[in-house]
Amino acid sequence: QVQLVESGGGLVQAGGSLRLSCQASGSIFRIGTMGWYRQAPGKERELVAGITSGGSTNYADSVKGRFTISRDNTKNTMYLQMNSLKPEDTAVYYCNAKIQTEAWNSLYPYWGQGTQVTVSS
């Protein structure tokens with residue numbers, strides 16, 4: 001059984017900062033690519049940022065220069081540092097990780113439960 005638990009969401013004023021964390025636990029053999037997604041009301045879930053096991057990153061154009069994704073492989077934890085937040089960043093943020101639970105099986109995508117980020121103007 002694998003769990004992804006997010007934390008760090010909340011209410012912040014425009015221009016402020018938040019740091020999200022996502023910790024994976026359970027039966028884990030290997031973690032591959034991890035990523036943060038978000039879903040605003042009435043909109044589809046979108047990729048915010050991704051990071052490979054080797055540390056290569058990619059970002060949505062809307063957050064480049066403001067958000068930074070990182071991971072600590074020793075703690076099975078991923079982070080999203082969000083600076084210069086805007087009201088349009090308001091959404092539920094979900095973490096995703098491709099996890100291999102045994103040496104003989106494949107990477108499988110897991111999702112966290114989501115954490116609300118609200119940016120007031």
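The values are calculated or read from the model by the stated rules, or taken from the named source; none is laboratory data. Since we're looking at a predicted model, the values are computed, not measured. Note that each Cβ is placed from the backbone with ideal geometry, even for glycine, and that neighbours are counted across all protein chains shown. Just the protein is used for accessible areas: all its heavy atoms, side chains included, with ligands, DNA and RNA removed. Shrake-Rupley method; radii C 1.70, N 1.55, O 1.52, S 1.80 Å.
Provide the per residue accessible area, probe 1.4 Å, for the chain, rounded to a whole number of square angstrom.
Values: 6460 Å² over 121 residues.
On a per-residue basis, the chain sits at 53 Å².
Be a star and scan segment 37-51 for residues whose amide nitrogen sits under 18 Å from the point 7 Å along the Cα-to-Cβ vector of residue 118.
Flagged as within label range: 39-43.
Given segment 1-114, what count of lysine pairs have C-alpha atoms under 22 Å apart, with each pair 8 or more places apart or on different chains?
Step by step, the pairs that qualify in segment 1-114 add up to 4.
Indicate the gyration tensor shape class of segment 20-60 (rounded, prolate or oblate), computed on the Cα atoms with a ≥ b ≥ c the square roots of the eigenvalues: a/c under 1.5 is rounded; otherwise a/b larger than b/c is prolate and the rest oblate. Don't jump to the answer; show the numbers that get you there.
On the way: a/c = 2.90, a/b = 1.57, b/c = 1.85.
Taking the square roots of the gyration eigenvalues as a ≥ b ≥ c, segment 20-60 is oblate.
Could you calculate the contour length gain from residue 39 to residue 86, that is, 0.36 nm times the residue separation minus the distance between their Cα atoms, to one decimal place in nm?
15.4 nm
Could you order 71, 45 by accessible surface area, starting with the largest, using a probe radius of 1.4 Å?
The residues order as 45, 71, largest area first.
Measure off 7 Å from each Cα along the Cα-to-Cβ vector at residue 103 and residue 2, then give the distance between these two points in nanometres to one decimal.
1.8 nm
So, with a 1.4 angstrom probe, what is the percent of accessible area on the chain that is carbon and sulfur?
On the way: 3030 of 6460 Å².
Ligands and nucleic acids excluded, carbon and sulfur give 47 percent.
I'd like the Kirkwood hydrodynamic radius of the chain, using the inverse of the mean 1/r over distinct C-alpha pairs, in Å.
Result for the chain stands at 14.5 Å.
Going by amide H atoms built from the backbone, whose H comes under 5 Å of the H on residue 33, apart from near neighbours?
Those lying under 5 Å, H to H, from residue 33 are 53, 98.
Where both residues lie in the chain, what percent of DSSP beta bridges are antiparallel, nearest 5?
90 percent
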